[in-house]
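> Can you keep this structure in mind? I'll have questions shortly.
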Amino acid sequence: MQTRSRYSRFIALLAIVSVLVVVLPSTKTYAAWPDPVRGKHAMVVSQHELASQVGVEILKKGGNAVDAAIGVGLALAVVYPEAGNIGGGGFMVIHDSKGRNHAIDYREMAPAAASRNVFVGPDGKLIHGEGSSTIGYRASGVPGTLAGFDLAFRKYGSGKVKWADLVAPARRLAANGYVLSYRLAQLFKSYSDGLSKYPESKRIFLNGGKFFEEGELFKQPDLAATLGRIERSGAREFYTGRTAQLIAADMKANNGLITLDDLKNYQAKEREPLVGDYRGFKIISMPPPSSGGIVMLEALNILEGYDVTAMQYNSAEKYHYLAEAMRRAFADRAEFMGDPDFADVPTASLISKSYAAKRRESIQKDRASNSKDVGHGEPTGRESMDTTNYAVVDKDGMMVVNTYTINDLYGSQVTAKGTGILLNDEMDDFAAKPGEPNMFGLIQGERNAVKGGKRPLSSMTPTIVLRPDGSVWFGVGARGGPRIISAVLQTVINVIDHKMDIQAAIDAPRIHHQWLPDAIMTEPVGFSPDTTALLKRYGHTLSTGWVASATGLMIDKKGVRLGAIDSRSDGLAVGY
Ligand code: GLY
């Protein structure tokens with residue numbers, strides 16, 4: 001009887017729900033995508049749940065968004081070893097609770113001994129394998145992550161939590177271990193060719209060659225000891241203490257370039273944040289040595305001349321104009337961008353509305369341009385997929401978007417002996433041989449040639465968007481080499497032009513065009529054959545690939561914090 005009455009109640013409820021579903025329209029414009037995660041006070045988004053939880057704990061202890069971002073970054077170095085790091089570098093964009101914007105550049109620097117032709121062999125050809133810009137000891141720039149975190153902590157931290165409180169959670173994760181996911185266990189295996197070339201990497205990440213399995217506890221005692229020293233002695237320990245000595249000694253023993261002096265001389269820098277606007281909304285992003293902010297703003301300025309909303313988010317017409325804007329902005333990237341401390345970068349002109357209007361003149365409706373006729377720079381250089389973005393917003397509305405990287409998955413594949421630190425292969429973001437194809441068949445510009453003390457050009461695009469009244473609205477960044485710029489650009493357009501919430505804006509299908517190769521990359525899912533046929537009819541060549549993965553935050557009009565992790569990747573948004 002009880003079962004029958006339960007069954008009847010269930011049928012009645014189902015009928016009511018069906019009627020409601022039919023009668024009441026969804027409150028969401030893009031109901032197919034999940035809702036963002038909601039938090040009343042604060043939100044942390046990162047590509048690993050343990051790291052996001054570290055951020056939330058720091059906020060709950062009274063830390064601000066900068067404090068939490070540092071804790072998250074250090075935790076990712078342990079739980080997300082393919083990209084999270086203290087052996088690499090990156091960029092942090094901050095909108096503080098007083099409404100000021102800040103940009104911290106902690107990009108790696110080329111060691112002093114690095115010169116223009118350091119990756120060119122006696123035969124005049126690019127070096128491959130050990131000694132190249134992509135693998136082994138010579139591939140690493142001097143890491144900037146700890147110097148950047150230290151600068152951010154001193155200038156913009158709350159002052160309510162200690163440095164040691166930010167490092168301790170990461171040190172504990174390294175010492176006590178964490179359960180390996182299927183994804184990470186598989187990823188170690190799939191990178192075993194590179195990692196097994198270096199004894200410390202093989203011992204730590206490949207279990208000495210026996211491999212780890214999903215569900216095993218993964219401990220990193222060397223990294224825990226390194227983090228312990230940094231916890232006790234501060235970030236400078238990495239640059240002048242035992243850690244620096246260990247890195248320099250391992251470099252020396254293996255024909256690497258980084259010396260104790262290089263480590264001692266590394267400097268994180270504050271840069272003037274790049275500020276542009278798109279349809280009345282302020283866009284705050286990273287200036288050079290990242291190309292990300294300029295390329296995105298130039299493309300946005302070009303697109304401002306069109307009614308993007310009317311074109312709808314997934315029409316061939318919209319993708320055509322988007323690709324043409326990106327083609328032109330990436331052409332300028334190749335020609336004009338490099339480390340501003342070494343090369344003149346005409347930033348103000350490139351992001352001006354008048355320059356965009358000139359660039360727009362050559363765009364035709366329904367007809368693809370040819371990249372050979374557009375721009376006059378050198379083609380862009382290869383950049384890898386292995387970067388990670390995370391973001392924090394606190395109870396006072398301070399927002400931090402941080403993108404950092406060791407370049408390739410597991411960087412140079414080298415773990416510096418005795419430190420547990422995976423080192424970057426960021427030297428490959430320089431033009432390894434300007435004016436000539438590099439080992440991947442691509443060419444990079446002279447402004448981005450290798451030089452001691454110089455920072456390689458990046459595509460990282462940590463970005464914060466303000467409403468016309470100046471209040472902070474949303475933040476977004478991505479991983480994925482040059483595709484980062486396309487992902488951030490399209491997230492901005494999806495929110496502003498297509499009125500999507502942050503999750504839908506990040507999940508929606510996207511394209512990528514980087515001038516050369518002259519092709520629009522469309523994603524494997526979300527593009528109808530009709531759309532691609534139209535793009536081909538306009539004269540575009542198409543390729544297929546995933547266009548980066550993003551993480552983002554938004555504050556809605558009621559002050560609720562919304563968090564979004566890209567469906568293309570893993571991670572967790574944690575709010576409270
Ligand atoms: N290593 C990728 C980037 O900095 O853009």
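The values are calculated or read from the model by the stated rules, or taken from the named source; none is laboratory data. Please read all numbers here as calculations on a predicted model, not as lab measurements. Backbone-built Cβ (ideal geometry, glycine too); neighbour counts: all protein chains shown.
> Give me the strands (runs of 3 or more DSSP E) completely within segment 453-541, filtered to those with at least 3 residues that are within 16 Å of the ligand (Cβ to nearest atom), ordered by residue number.
Answer list for segment 453-541: 472-479.
> If we scan segment 218-237, do we find a residue that is in contact (Cβ under 8 Å) with a residue 12 or more places away in the chain and farther than 30 Å from L151 by Cα?
yes
> Which one of these is of a type in the set (S, T, Y) and modelled with pLDDT of 95 or more: S569, S471?
Criteria check complete, one pass: S471.
> For segment 209-264, name all the residues that are touching a strand residue (DSSP E or B) at 6+ places or on another chain (Cβ under 8 Å) and of a type in the set (G, A, S).
G215
> Which of the numbered conditions does S192 fail, given that it passes all the others? Conditions: (1) modelled with pLDDT of 95 or more; (2) more than 23 Å from D261 (Cβ to Cβ); (3) under 23 Å from the mean Cα position of the chain (by Cα).
Status for S192: all satisfied but (3).
> Counting only residues that are within 16 Å of the ligand (Cβ to nearest atom) and assigned to a helix (DSSP H, G or I), which one in segment 102-159 is nearest to V66 (Cα to Cα)?
G148
> Here are the criteria: (1) in a loop (DSSP other than H, G, I, E, B); (2) within 15 Å of the ligand (Cβ to nearest atom); (3) modelled with pLDDT of 95 or more. Tell me which single one N402 does not satisfy.
Going through (1) in a loop (DSSP other than H, G, I, E, B); (2) within 15 Å of the ligand (Cβ to nearest atom); (3) modelled with pLDDT of 95 or more one by one, N402 breaks only (1).
> Select from segment 270-312 the residues that are within 20 Å of A103 (Cα to Cα), away from the ligand (no atom under 16 Å from the Cβ) and touching a residue at least 60 places away in the same chain (Cβ under 8 Å) and list them in ascending order.
E270, E272, P273, V275, G276, Y278, F281, K282, I283, I284, E298
> Tell me, yes or no, whether segment 50-67 has at least one residue that is free of Cβ contacts under 8 Å to residues at least 60 places away in the same chain and not small (G, A, S).
no
> Given the criteria assigned to a helix (DSSP H, G or I), within 22 Å of I406 (Cα to Cα) and in contact with a Phe, Trp or Tyr (Cβ under 7 Å, 6 or more places away or on another chain), does K189 qualify?
yes
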